[in-house]
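Below is one structure, written out as structure tokens, with a few remarks after it.
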Protein chains: 2
Amino acid sequence: MKKLINAPADVVSESLLGVEAAHPELRVDHTNKVVLRADAPRPGKVGLVSGGGSGHEPLHGGFVGQGMLDAACCGEVFTSPVPDQILAATKGVDGGAGVQDSLYTVGRRGVGATVLVEKIAGAAAEQGRSLTEVADLARKVNGGARSMGMALTSCTVPQAGSPTFDLPEDEMELGIGIHGEPGRHRVPLAAAKEIAEMLVDPILEDHEFAGEGGVLAFVNGMGGTPLIELYLMYHEVHALLGKAGIPVARNLVGNYITSLDMAGCSVTLLKLDDELVRLWDAPVNTPALRWGT
Amino acid sequence: MKKLINAPADVVSESLLGVEAAHPELRVDHTNKVVLRADAPRPGKVGLVSGGGSGHEPLHGGFVGQGMLDAACCGEVFTSPVPDQILAATKGVDGGAGVQDSLYTVGRRGVGATVLVEKIAGAAAEQGRSLTEVADLARKVNGGARSMGMALTSCTVPQAGSPTFDLPEDEMELGIGIHGEPGRHRVPLAAAKEIAEMLVDPILEDHEFAGEGGVLAFVNGMGGTPLIELYLMYHEVHALLGKAGIPVARNLVGNYITSLDMAGCSVTLLKLDDELVRLWDAPVNTPALRWGT
């Protein structure tokens, strides 16, 4: 295992020291491993809390700030946060208008739409909407988005010290989760054009994305894949959507929900309407997503 | 080789198709492989052109936009752009106030300061300063910055198909360039705390960073290192600078000047004064660096 770490058990806590040092606009509760907006709680604003295992950075701590999350609970690597963390985060951001946990959903596992839920629900909360409205929007984004991911390599969890799974040099894993879960299929390594089809086709089969509002197309890197490849993949995805008659109204390309050092990517489509576009475009000021401020 | 590509020879041109599709605020000259601001040339503004081999994304194409570069010339992977590309870019951004190539320097190789030069010279050009002033600022940043990089693994160039160099599981390379050049030393793998010392100590020995204005501390990932490790490294670097009595006034943590899928990082320090802080803080709106707009 080759990593820029000290002791494997200290990775999360020491990384949070770096987050605190780098981002004076955030506050870090080191006891509970919670990242908060420095100005939380904001009176009258719905507090938006997210969280999950670490190792998916910038998700979720990198999305704390104006127009997105109020707090993120950082579990150990690939390990859910404990209730005490969520309680501390909730208390820390409770401005009297209620607190929404963006990750209440169960069922399918997320490899992309989480980022879109956090951005859009965060924009709604920032605009002063009610807890009910924010929760409804989160459900709407979750319901209108589909993702499919693939891995070229495994990741290596610091405390394990070796790759989570073996993937031969000439194979890839399709339909992965973000913790090295087995995918739907293990298939021969293919060209980017074919990989894009293997990701986009099942998404289009599973949900209706046609319509005037178009889609938000999100090509996400799993952590170990260079940006030059992600843009190449975005070109392929964009071309496929063009062929399918689906206009791309917004896009996002980069490493936003990762799986440590795994090489691979996920594609997420979200069906857009005017309301979602306005909330997507609304100002956001976080370490990992920032515009309009 | 496991990469999200089609034919190795098409990686750069196909990735630029993705850049064009993702960023309507940019224009891509596919013949010359040049990324330009869509609103170039801007009359009366010094045009700022950069470029270099591809494989270092987001450098340089990801830094084209308001407040930074006017154009970037994209060479083949790890291969300098040819004169025709630079000529095309220069013509494309010439607004009558002169055009500055930010990469005119020879001598030491850059593993970090380039990003800072492009941001600060770009801000000056955006403010309407003269070619002489912009060039002087670029020299000032270049002269006041020092970097040191390290690699845990080699990168794999698409057209080569195998790692550029072998690095045993228990060793790392110190003092690297961004193309897999041999470093200063090959040393046993060490903890993050010791690696931070090996990077920061030679920087502090080579230049005087003490003083009231403090420094900009930049921890840059080489492409294959997860953000959780970069923040951990930032914590170590920040702590070392604290011990040395050097205040950190600004920082940047992330993958900004990379070497394809190489794991590792570089540390760059830039001595700041009021002028440089104002230019660093000035609005920037590019795919990879964005604030204040």
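The values are calculated or read from the model by the stated rules, or taken from the named source; none is laboratory data. Not measured: the values here are computed from a predicted model. Ideal geometry is used to build each Cβ from the backbone, glycine not excepted, and the neighbour counts take in all protein chains shown. The accessibility values were calculated without ligands, DNA or RNA, using every heavy atom of the protein model including side chains. Shrake-Rupley method; radii C 1.70, N 1.55, O 1.52, S 1.80 Å.
Points worth noting:
- Every listed requirement among (1) outside the structural domain of A:CYS265 (by TED's automatic domain parsing); (2) open to solvent by less than 40 Å² (accessible area, probe 1.4 Å) is met by A:LEU152 save one, (1).
- Segment A:37-59 - residue that is touching a helix residue (DSSP H, G or I) at 6+ places or on another chain (Cβ under 7 Å) and within 13 Å of another protein chain (Cβ to nearest Cβ) and, of those, most open to solvent (accessible area, probe 1.4 Å): A:GLU57
- In this structure, A:THR132 does not satisfy being open to solvent by 30 Å² or more (accessible area, probe 1.4 Å), in contact with a Ser or Thr (Cβ under 9 Å, 6 or more places away or on another chain) and not basic (Lys, Arg).
- For B:TRP291: the one exception among (1) within 8 Å of chain A (Cβ to nearest Cβ); (2) surrounded by 24 or more Cβ atoms within 10 Å (Cβ to Cβ): (2)
- Set side by side, the residues B:VAL277, B:VAL237, B:VAL267 differ, and just one is facing chain A (nearest Cβ under 10 Å), open to solvent by less than 40 Å² (accessible area, probe 1.4 Å) and among the β-branched types (Val, Ile, Thr), which is B:VAL237.
- Considering (1) within 14 Å of another protein chain (Cβ to nearest Cβ); (2) open to solvent by 10 Å² or more (accessible area, probe 1.4 Å), the lone condition that B:GLY254 does not fulfil carries the number (2).
- Among the conditions (1) closer than 21 Å to A:LEU131 by Cα; (2) assigned to a helix (DSSP H, G or I); (3) in contact (Cβ under 8 Å) with a residue 40 or more places away in the chain, the only one that A:LYS91 does not satisfy is (3).
Condition check ((1) at pLDDT 95 or above; (2) over 14 Å from A:VAL49 (Cα atoms)) across all residues:
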{"site": "A:ALA88", "(1), (2)": "yes, no"}
{"site": "A:ASP94", "(1), (2)": "yes, no"}
{"site": "A:VAL99", "(1), (2)": "no, no"}
{"site": "A:GLU118", "(1), (2)": "yes, no"}
{"site": "A:LEU131", "(1), (2)": "yes, no"}
{"site": "A:LEU152", "(1), (2)": "yes, yes"}
{"site": "A:PRO158", "(1), (2)": "no, yes"}
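- Note on segment B:189-218: among residues that are within 12 Å of another protein chain (Cβ to nearest Cβ) and surrounded by fewer than 16 Cβ atoms within 10 Å (Cβ to Cβ), the one that is farthest from A:LYS3 (Cα to Cα) is B:GLU194.
Residue-by-condition table, conditions (1) touching a residue at least 60 places away in the same chain (Cβ under 8 Å); (2) in a strand (DSSP E or B):
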residue: A:VAL49; (1), (2): no, yes
residue: A:GLN85; (1), (2): no, no
residue: A:ARG108; (1), (2): no, no
residue: A:GLY128; (1), (2): yes, no
residue: A:THR153; (1), (2): yes, no
